[in-house]
Amino acid sequence: MSPRRVVALVRRDVPVLAHDTTVDAAVRALLDSDLPALPVADARGRYAGIFGEREFIGALFPRYVQSLGYAGFVTQSMEAVLDKRRGALREPVMTYVNSEHVDVSEDVSDIALAETFLHHRVLIIPITQEGHVRGVVTRADFFTQLAGRLLDEGSG
Amino acid sequence: MALAIVIFAAALAAIASERVDRTKVAMVGAILVLLTQTIDQEHAIEAIDWATLGLLAGMMIVVRLTEITGVYTYVAIRAGQLARGRPFVLVLLLAGATAVLSAFLDNLTTVLLVVPITFLLADALDIDPIPLVLIEVIASNIGGTATLIGDPPNILIAGATGLSFGAFVVNLAPIVVVTFLVVTGGLYLFFRSRLQIAPDQRDAVQALDARRSIEDAAELKRLGPLLILTILTFFVHRQLHLEPATVALAGATAMILVTRQPLEKALAGIEWPTLFFFIGLFVLVGSLEENGAIEELAQGVASVTGGDRTAELLGIAWVSALGSGIVDNIPFTATMIPVVEELQAGSGDDAYWWALALGACFGGNATLVAAAANVAAAGMAERAGAPIGFLTFLKVGIPATLVSMLLATAYIALRYL
């Protein structure tokens, strides 16, 4: 796959969340976007991380849950515990953002894109230019394109 | 000698500052004493206590393989459930489980396993988790004092002296039990207003299914007997003419043979930064010894105490507690071991080592930076959104250490003087 074909996957009409957007607003934007995650920009408008489904789950549940090696012994929903976390919806999205800098430039190759998806548990990869987000590539789109290409070749 | 002292003092100061990773500091210090030829390579390698490293590595593998079974989580949850919402019983059982696990695993691992469960229990019971976490950390440092493998200072002392597992238990466990009860009781009284559980919350943790915390029952059946056998063998290693490191590595090897976990996963349990920290320290202390600094320090201590055994024993205990609180009990113990060897002068009087163990291990409770378990608990608390500040820890750490050391002093006086 040439860089040109990767570029074809870039979604450019993606909202970029500001660093001080509340979690509540971020989740609404996420639902409206039909994407599993959105890029977040810092105060200078530069790419700062990703906020998506996984980060929302992290915000909604107590933070110690991530420190538990296993939680299969919690067999009932802990409504009261979740109620206590409602305040998280008013917190800035930056508190929960995945700040691992996973981004690529527009001339990324398919191998580089595959390597990035394989090494990082992200569902989108922002395309950046000089630190600013220009669009995103989703793992689902990449998969669909790869699968379509291979199946076409197989049937041909 | 001056250069060896300067490099060592700079390394200690850097470790105490917590601004640079302690392993990096120890490695840089070790390389500096080698590059400046303060110690030659042959003596540097001789200064490394391979028995200590073997014991640490063996136990790291044992703990890594068994923790995946979920058995330690089970212990913590059952401790919480058995309390049935009674705050004092909850504190006693959680602290007791932490202390016992610390004695037979190591206190850092225990804290890493128990603290997240404590947050969960506290959330379910709707109480402040911080008092429980602080009590557990302090209990882990006290509990780890009881055995040869429970706390790094004891592992270092055993490596240097060859004292047996049984000797550690016989000499340290009695005072550890008393100290645990007094300090835990005192901390409960201090925190009791923050540990009140509403009547309608008391059964909240009973809903947890502790049995389901056993993630891999088949693995537990394979490894559980080997874990018990390893611990039991520690008690009789002297009679079997086996060194503790051999026991730990034999246990680890047997577990590697029977486990279904990949070898890489088992060996990933070895905390290389910790081992390199120890290697760096051994070389640094070796350079002090090589250049006569330890001998001079010991002579200085002897001149202050006038060779009086009582003054020396109590001096070692209290100075170790103070030093461990300021620096970190591992480098402090590594430094004190050759000093104590000089003071003891081959008399075979083991009381000196018990005084050092009590001071260094109990001193680990004085400040947030005094023991690795304290730092780990603070890190987890911060990630959980309930940070434990240096002063917050100090408010309970200093009184707990003072009480522990007063009890240790009485014990030393009654038993060894």
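Below are the figures for this structure:
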item: Enumeration of residues in the range A:78-102 that are in contact with a Gly (Cβ under 9 Å, 6 or more places away or on another chain) and not in a helix (DSSP H, G or I); result: A:Tyr96, A:Val97, A:Asn98, A:Ser99, A:Glu100, A:His101, A:Val102
item: Single match in B:Ala51, B:Ala57, B:Ala122 (criterion: under 20 Å from the mean Cα position of the chain (by Cα), modelled with pLDDT of 90 or more and at negative phi); result: B:Ala57
item: In the range B:148-190, residue surrounded by the most Cβ atoms within 10 Å (Cβ to Cβ) [restricted to those that are touching a Gly at 6+ places or on another chain (Cβ under 7 Å) and not in a helix (DSSP H, G or I)]; result: B:Asp151
item: Filter pass, B:Glu296 being closer than 25 Å to B:Ile48 by Cβ, surrounded by fewer than 21 Cβ atoms within 10 Å (Cβ to Cβ) and at pLDDT 85 or above; result: no
item: Sole exception among (1) crowded, with 20+ Cβ neighbours inside 10 Å; (2) modelled with pLDDT under 85; (3) more than 14 Å from chain B (Cβ to nearest Cβ) for A:Pro62, by number; result: (3)
item: Whichever residue in the range B:65-92 is surrounded by fewer than 23 Cβ atoms within 10 Å (Cβ to Cβ) and of a type in the set (A, V, I, L, M, F, W, C) and, among such residues, is farthest from the other protein chains (Cβ to nearest Cβ); result: B:Phe88
item: Any hit, the range A:80-100, residues being more than 11 Å from chain B (Cβ to nearest Cβ), among the β-branched types (Val, Ile, Thr) and surrounded by 15 or more Cβ atoms within 10 Å (Cβ to Cβ); result: yes
item: Residue tally, condition outside any loop (DSSP other than H, G, I, E, B), out of contact with any strand residue (DSSP E or B) (no Cβ under 8 Å at 6 or more places or on another chain) and among the acidic types (Asp, Glu), over the range A:103-156; result: 4
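The values are calculated or read from the model by the stated rules, or taken from the named source; none is laboratory data. Since we're looking at a predicted model, the values are computed, not measured. Because the Cβ atoms are built from the backbone with ideal geometry, glycine has one as well, and the counts that use them run over all protein chains shown.
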